[in-house]
Amino acid sequence: MNPTSPNPPAVRCHALLPCAGTGSRAGTAGPKQYQPVAGLPMVLHTLAAFSATPRVAQTVLVVAPEDRFLSVDHPDLLLARCGGATRAHSVFNGLDALRDRGAADADWVLVHDAARCLITPRQIDALIDACQDDPVGGLLALKLPDTLKTGREGRVAATVDRSDKWLAQTPQMFRLGLLRSALAAQADSGFAGVTDEASAMEMAGHRPLLVAGSAQNFKVTYPEDFALAEAILSSRT
C-alpha cells in the first residue's frame, strides 16, 4: 500500500424524502404533506427531525416538477423537482439527484415518507446504529399488535398467525448503489410490486434487517389521522 495515497472517503448517510404524491385518501384539497399540523405543514415536521440528526449529511426532498410550494435555501437540503408517477419512481430519480450532488454508491440512504411527520431523531439514530455495519441494511418496523384476518365476500375467511408479521415503517436504510440497482431491475415493469424500498431489495435477493420502530411513527393517510398527529406533536412541545 502506498503510504502517500489518500484515505478513502468516509461513508456518509443521506436522507431521501419522496414528496410528489397527492395523498388522495386523506380527503384534503391539496397534497396532504403540505397540510398544516400543529402549526406547520406536515413535511416541515418531517424535515426538522432529520435536520436535528447530525449523522445525516444531507437531505433530498423529491417533489413534482411543477411543485412550487417550497422554496429552499439551505446547504444541507436539496429540493429535487424530479418526482415520478409512483413513489418508487420518485425514489429512483432522487437517488440519481444524490449522485449528481456527490453521494457515493457506498453511502447509506435513509428513505422516509414525507407523511410520517412523527418520526424522531432518536428513532433515526436507532436505525443508523442497527444498520451501519449490516451487509444489507434495514427498516424500522412494528410487530403486528392486532389479530389478523383474511376476508372473503365481506366475511372472515381465516385468522392468520401474526407471530412473524411486521408492519413496515420508514426510514428504510440501504446503500445507494445497491438500492438503485434493485430499483433499476424493476424499472421496465413500471416498478410493479415495489411498495417500499425493502420490497425492491427483497426482489433482488436481499433480506433487510427489521429494526423495532414506534407505534407513533405512523403514516398520516386518512382524514382522522390528522387529529391524532396534531395531538402527538402538541404533546411534545
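Quick look at the numbers
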| quantity | calculated |
| --- | --- |
| Single condition G137 does not satisfy, out of (1) within 18 Å of H14 (Cβ to Cβ); (2) loosely packed, with under 14 Cβ neighbours inside 10 Å | (2) |
| Condition check for F174: at pLDDT below 95, surrounded by 15 or more Cβ atoms within 10 Å (Cβ to Cβ) and over 17 Å from L142 (Cα atoms) | no |
| Residue count for region 32-49, restricted to those that are touching a helix residue (DSSP H, G or I) at 6+ places or on another chain (Cβ under 7 Å) and at negative phi | 10 |
| Of residues in region 108-134 being out of contact with any helix residue (DSSP H, G or I) (no Cβ under 7 Å at 6 or more places or on another chain) and among the charged types (D, E, K, R), the one surrounded by the fewest Cβ atoms within 10 Å (Cβ to Cβ) | D133 |
| Verdict on L183 being touching a residue at least 40 places away in the same chain (Cβ under 8 Å), closer than 23 Å to D133 by Cβ, touching a helix residue (DSSP H, G or I) at 6+ places or on another chain (Cβ under 9 Å) and part of a helix (DSSP H, G or I) | no |
| Test set (1) surrounded by 14 or more Cβ atoms within 10 Å (Cβ to Cβ); (2) part of a loop (DSSP other than H, G, I, E, B); (3) not polar (S, T, N, Q) - E202 fails condition number | (2) |
| Test for A215: is it surrounded by fewer than 21 Cβ atoms within 10 Å (Cβ to Cβ) and either touching a residue at least 24 places away in the same chain (Cβ under 8 Å) or in contact with a helix residue (DSSP H, G or I) (Cβ under 6 Å, 6 or more places away or on another chain) (or both) | yes |
| Members of region 90-133 that are part of a helix (DSSP H, G or I) and either among the basic types (K, R) or touching a Phe, Trp or Tyr at 6+ places or on another chain (Cβ under 6 Å) (or both) | R99, R122 |
| Sole exception among (1) touching a residue at least 12 places away in the same chain (Cβ under 8 Å); (2) within 19 Å of G21 (Cβ to Cβ); (3) surrounded by 15 or more Cβ atoms within 10 Å (Cβ to Cβ) for G190, by number | (3) |
| Answer residue from region 134-152, given it is touching a residue at least 40 places away in the same chain (Cβ under 8 Å) and assigned to a loop (DSSP other than H, G, I, E, B) and is farthest from A49 (Cα to Cα) among those | P145 |
| Exclusive hit being of a type outside the set (S, T, N, Q), within 27 Å of E230 (Cα to Cα) and modelled with pLDDT of 95 or more, set A26, A49 | A49 |
| Any pair with Cβ under 6 angstrom, 6 or more apart, that starts in region 153-165 at a residue that is surrounded by 10 or more Cβ atoms within 10 Å (Cβ to Cβ) and ends at one that is small (G, A, S) and in a strand (DSSP E or B) | A157/G151 |
| Residues located in region 129-175, provided they are among the β-branched types (V, I, T) and within 16 Å of A212 (Cβ to Cβ) | T170 |
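The values are calculated or read from the model by the stated rules, or taken from the named source; none is laboratory data. Note that the structure is a prediction, hence the values are computed from the model and not measured. Every residue, glycine as well, gets a Cβ built from its backbone with ideal geometry; the counts of neighbours run over all protein chains shown.
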